[in-house]
Amino acid sequence: MKKSFSSDPLFFAELWVQEWIIKYNLCPFAKKSFQLLECSYHFITDCDEEIIQEDIFHFLDSKNHLNPNHYLLLLPKLKMSFPLFYDLSLAIQASKRLKKNWQIVAFHPKFQFGDAPKNSRLHYVNRSPFPILHVIPHPLVEKAAATLPYPEYVSEQNEKKLQKIPDAEWKKIKLFL
């Protein structure tokens, strides 16, 4: 039986991390972090914005932002457009309940960087099989940034990596994302 996003979202989330994020080194600390099992998955099954936010805050209230763990919050049932999902991620990030302890990174099947051309491969850096929020403790973000010679150029470096992917391989990637 062929697996689908809806039948096994955890399988597809793990596949996405391994075969996209880590394989193409799109995140500066993903490979080591996943090898050390410092990332956990948490499902959010509701589709109401307020309940989603409360679920996230409740989940993070139970976590220590000083440990090295980070979390992929999987929202496989959420059928929200990218602009609305991105606004939701910004609202969560801006909330005083996060106490500036966490950074939120949004991933979505239709992710679009606002200043990039519509057909840019750069959009695929933050594309995922379904909506996902990556919640990272600020100390981990700071540690990762300190290891990079020019952390402000990660997006540009990612775009160059994606431009080097041969067209035949790119077509397969686009089917997955």
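Please treat every number below as a calculation from the coordinates, not as lab data. All of these numbers come straight from a predicted model, not from anything done at the bench. Counting neighbours? That spans all protein chains shown, and the Cβs are built from the backbone with ideal geometry, glycine included.
Summary of values
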| item | result |
| --- | --- |
| Space enclosed by the convex hull of the alpha-carbon atoms of region 87-177, per residue, Å³ | 113 |
| Loop-located chymotrypsin sites (Phe, Trp or Tyr not before Pro) in region 69-177 whose Cβ has at most 14 other Cβ within 10 Å (DSSP) | Phe113 |
| Dipole-positive endmost among Phe107, Leu122, Thr45 within the chain (Cβ charges, Cα centre) | Leu122 |
| Virtual spin-label span in nm between Phe11 and Leu90, 7 Å along Cα→Cβ | 3.7 |
| Selection of trypsin sites (Lys or Arg not before Pro), region 112-160, meeting DSSP coil and at most 11 other Cβ within 10 Å | Lys118 |
| Overall form of region 48-103 per C-alpha gyration tensor (a/c, 1.5; a/b vs b/c) | prolate |
| Loop-resident sites, region 56-103, for trypsin sites (Lys or Arg not before Pro), counting at most 13 other Cβ within 10 Å (DSSP) | Lys79, Lys99, Lys100 |
| Unit Cα scatterers, Debye sum, the chain: log10 I(q)/I(0) for q = 0.17, 0.18, 0.20 Å⁻¹ | -1.20, -1.36, -1.67 |
| Residue-span extension gain [Leu148 to Lys161] - 0.36 nm each, minus C-alpha spacing | 3.1 nm |
| Dipole magnitude (debye, nearest 20) for region 23-177, charges at Cβ of Lys, Arg, Asp, Glu | 640 |
| Antiparallel DSSP beta bridges within the chain, percent to nearest 5 | 65 |
| Segment Lys172-Glu49, length gained on full extension (0.36 nm per residue, minus Cα span) | 41.0 nm |
